[in-house]
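The structure appears below as structure tokens.
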Amino acid sequence: MAATVSITRARPAACICVVDDDAAVRRALANLFDAVGYRCLGFDSGEALLAWPDLAAIDVAVFDIKLRGMDGFALQRRCAARGMGAPVLFFSGHGDAGMEQRALRAGALALLRKPVDPDHLLDQVERALELRGTGR
Amino acid sequence: MSDEAERRIRDELARAACMSALGQLTEALAHEVNQPLMSISANAGAALRQLARASSSTWRRRDAVDGDPLHLRQLLLDLVRHAVQAMGEGEGATRVLHLATAAGAGGRGLEVRVDYPDEGGADRAGMALAICRAIAEGHGGSLEIRPRQPHGCSIIVTLPELQGEPE
């Protein structure tokens, strides 16, 4: 555990979308994002996210690769096809180098291994938000 | 095919099936372990940030505590880190760390209380938290460790209200 805590100052109402079929993980990530001032939207499947009408409002997307129904890779493709411009971070509980390469080739910003270090996750989200800002 | 060759192929097939099952089991186990760890880690990150923000905003808003922000932050982090480590060694299925802060209660500047299960008891906490105690006492406050029943500790840090005008 780090000896110091940095309080990240979020941009106002940056919207982070989390897709994970584990409710406890969604809740914990919502707590973490809420603690630094982000708005967090949680979905238990890719299908649920795709049914949501406002994909354009998402600033950063965080997808578990292993999901019920379509997996994280398929979800990323479907979101891109629907015009979601938000950078994507993938999570995996058992990712290997091959999976990481696949994630990066698919255009994801990073593949993070569960359990993720909260500082590292927030750094990646900050980085994604910077990209999102310049991409607008 | 000779009996020997047939037996060897059968053995290899059995071993491959075994390795495949083992791989699936490892993957399932990693998933089962990583999911709760992921939740714990993200919640701990959230709690530390909320605590750090609550403490610093308390100090700013009320000017309630007079002290070195770095030292006080270190005190809080060491406290939580000790509690998380101590409860991580226990065998119990349910481990709950309860953390509460109160500002200005009963004339005190700031009270931070951490309750957690710990097989090692209050003696170990006393040794582990010597630096925290020194920081609290160096700020005119105190660090109290109370054993809880059936096991575990409550650590109560009290920091006095600021006397006079803030610098």
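The values are calculated or read from the model by the stated rules, or taken from the named source; none is laboratory data. No experiment lies behind these values; they were computed from the predicted model shown. Cβ sites come from the backbone with ideal geometry, for glycine too, and all protein chains shown count toward neighbours.
Here are the numbers:
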item	result
Any chance A:R77 is surrounded by 15 or more Cβ atoms within 10 Å (Cβ to Cβ), modelled with pLDDT of 90 or more, in a helix (DSSP H, G or I) and not aliphatic (A, V, I, L, M)	no
Criterion: touching a strand residue (DSSP E or B) at 6+ places or on another chain (Cβ under 8 Å) and outside any strand (DSSP E or B) - qualifying residue of A:G133, A:G95, A:G83, A:G42	A:G95
Selection status of A:S45, crowded, with 18+ Cβ neighbours inside 10 Å, of a type in the set (S, T, N, Q) and within 23 Å of B:L37 (Cβ to Cβ)	no
Filter result for the condition that a residue is modelled with pLDDT of 80 or more and either among the small types (G, A, S) or not in a helix (DSSP H, G or I) (or both), over B:A30, B:A46	B:A46
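Residues checked against (1) away from chain B (no Cβ under 13 Å); (2) within 25 Å of B:S39 (Cβ to Cβ); (3) of a type outside the set (D, E, K, R); (4) in contact (Cβ under 8 Å) with a residue 60 or more places away in the chain:
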residue: A:A80; (1), (2), (3), (4): yes, no, yes, no
residue: A:G85; (1), (2), (3), (4): yes, no, yes, no
residue: A:S92; (1), (2), (3), (4): no, yes, yes, no
residue: A:M99; (1), (2), (3), (4): no, yes, yes, no
residue: A:L122; (1), (2), (3), (4): no, yes, yes, yes
residue: A:L129; (1), (2), (3), (4): yes, yes, yes, yes
